[in-house]
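Worksheet: the structure to be examined is printed underneath.
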Amino acid sequence: MIDEEVAFAAMESRDPRFDGWFYVAVTTTGIYCRPSCPAVMPKPGNVRLFPTAAAAQVNGFRACKRCRPDTAPGSPEWNTRTDLVSRAMRLIADGVVDREGVAGLAARLGYSPRQVHRQLVAEVGAGPQALARTQRAQTARMLLEAGALPVSDVAFAAGFASIRQFNDTIRQVYATTPSRLRGATSGARAPGALALRLAYRPPMDVAAALDHLGARAVPGIEAHGDGAYRRSLALPHGAGVVTLRPGADHVACELRLEDLRDLTAAVQRCRRLLDLDADQQAIDAFLGADPRLGPLVARRPGLRVPGCADPAELAIRAVLGRRPRAAGTRARLATLVSTYGKPLARPFGEITHLFPDVTTLAEADPAGHTLLELARALADGTIRLDDDPHRVRDRLGALPGMSRWALAYIRMRALGDPDVLLPDRAVRQAVRRLGALPDRWRPWRSYATRHLELMRRAPPAGGAAGS
């Protein structure tokens, strides 16, 4: 349930922190907005609040052309919760309904389609088809604004079954036509590239997130330089290469895709990779209130916990090397990529391969018993990293040779657990230097870990670090 008192306070202050948490619909205009929309404040009696854009659309409202609620960051709730609804929301955002239908979504979740529909409607106000429809409309808008693709190509790339369905949806959601939606926003792009702006809730240290990924870049699949991070993506319909750079108030994202149908999945994976949907102001406020950790948070506000582009890849990387930054670990991974990875049909600079898929690794036995067991379990479905996180943790922990560090690293980056204190020696030393009590940092110990990791290289001034 949405707290109406908090919602109206957010609307009055035009607070962007609440964008994506809920949506504001005005009955007299038939329009829904972000809470931070600069339009005149509506009367409370004319307002309806919805937890998702899809719920507003199902109830007959269209998106505001001024604040563009469809471009707001996603709700951080779905990335921190582990229940059925949150798992369903993550899978729908990745395009599972478009690729596998509602039945496929339900099978992944382990429930009947009817149960999934009932729980989604009860909590977010819309069923899986309506949520997927909203996702398709948002993808179509990105494609229309990102380049000069023919409208028919945009329709099918976004996942619509027909041009008529596409036109009807755009008209209902945005009250305009696809050609007018494109308008004057499309411009010259690099051949084959789509240029997008990925929104986030401030504060965010985008450069620190890209540097973190770049320091662990594996030759062949990743590269980092001139402030940009690049990597290959193994997507449902083909390969892709993404380039991410800091923007003024966004992350600049350039995508090269073999199949445009993969745009939805590619964007969602980039968002998870950079932790763009986190409610960082609330996290920083909570951790910053700790007298020991507070100086570190003040020194580096907006520090995110990078996720991953592919949970299976991250799990394999965790098992293969305890120190991801170490030259030896990166060399072993580079050998794995060059030996078992699939070469890109169109290499892009230093990006030449995809990371090896688990089926190939399960048959190759490339680097030890634990890696082989993990690859086999992922390949045959014994372990599914989009399953209930508690079940995933137990099954990973049961693998022979799985270390505490690797399991914690997988939980933090592949499963998106916000409450993992990495059992690393440098992290333990930092805790001792601070004289801190890590249990006070629950449920955000993953974010505390990021501050502790950076502390060893740049300890804060003042008495906290030496106390």
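The values are calculated or read from the model by the stated rules, or taken from the named source; none is laboratory data. Keep in mind that what you see is a predicted model, and the values were worked out from it rather than measured. With ideal geometry, Cβ positions are generated from the backbone for all residues, glycine too; neighbour counts draw on all protein chains shown. The protein model used for the area step is the full one, side chains on, heavy atoms only, and it has no ligands, DNA or RNA in it. Shrake-Rupley method; radii C 1.70, N 1.55, O 1.52, S 1.80 Å.
Results, tabulated for the structure shown:
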{"item": "Unmet criterion (only one of (1) at pLDDT 90 or above; (2) open to solvent by 20 Å² or more (accessible area, probe 1.4 Å); (3) more than 18 Å from L198 (Cα to Cα); (4) assigned to a helix (DSSP H, G or I)) for T28", "result": "(4)"}
{"item": "Segment 68-107: number of residues that are over 13 Å from the mean Cα position of the chain (by Cα), among the aliphatic types (A, V, I, L, M) and assigned to a helix (DSSP H, G or I)", "result": "10"}
{"item": "Meets criteria (open to solvent by less than 20 Å² (accessible area, probe 1.4 Å), at pLDDT below 95 and either part of a loop (DSSP other than H, G, I, E, B) or not aliphatic (A, V, I, L, M) (or both)) for T370", "result": "no"}
{"item": "Check on A309, farther than 14 Å from Y447 by Cα, assigned to a loop (DSSP other than H, G, I, E, B), open to solvent by less than 20 Å² (accessible area, probe 1.4 Å) and in contact (Cβ under 8 Å) with a residue 12 or more places away in the chain", "result": "yes"}
{"item": "Unique residue being open to solvent by less than 40 Å² (accessible area, probe 1.4 Å), within 30 Å of L385 (Cβ to Cβ), among the aliphatic types (A, V, I, L, M) and without any contact (Cβ under 8 Å) to a residue 40 or more places away in the chain when the list is A53, A106, A10", "result": "A106"}
{"item": "Selection count where residues are part of a loop (DSSP other than H, G, I, E, B), open to solvent by less than 40 Å² (accessible area, probe 1.4 Å) and in contact with a Gly (Cβ under 8 Å, 6 or more places away or on another chain), scope segment 389-414", "result": "1"}
{"item": "Some residue of segment 235-242 being in contact with a helix residue (DSSP H, G or I) (Cβ under 7 Å, 6 or more places away or on another chain), closer than 23 Å to D94 by Cβ and part of a helix (DSSP H, G or I)", "result": "no"}
{"item": "Cross-chain or 6+ apart pairs with Cβ under 6 Å, segment 337-362 first and within 28 Å of A377 (Cβ to Cβ) and without any contact (Cβ under 8 Å) to a residue 40 or more places away in the chain, then open to solvent by less than 80 Å² (accessible area, probe 1.4 Å) and of a type in the set (A, V, I, L, M)", "result": "Y340/A364; T359/A379; A362/A375; A362/A379"}
{"item": "A199 vs. criteria closer than 19 Å to G307 by Cβ, out of contact with any Phe, Trp or Tyr (no Cβ under 6 Å at 6 or more places or on another chain) and at pLDDT below 95", "result": "yes"}
{"item": "Residue match in segment 295-304 (condition: in a helix (DSSP H, G or I), free of Cβ contacts under 8 Å to residues at least 12 places away in the same chain and among the β-branched types (V, I, T))", "result": "no"}
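Per-residue answers, yes or no, for (1) within 19 Å of the chain's Cα centre (by Cα); (2) more than 16 Å from P69 (Cβ to Cβ); (3) of a type in the set (A, V, I, L, M, F, W, C); (4) assigned to a helix (DSSP H, G or I):
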{"site": "Q129", "(1), (2), (3), (4)": "no, yes, no, yes"}
{"site": "L144", "(1), (2), (3), (4)": "no, yes, yes, yes"}
{"site": "S152", "(1), (2), (3), (4)": "no, yes, no, yes"}
{"site": "G159", "(1), (2), (3), (4)": "no, yes, no, no"}
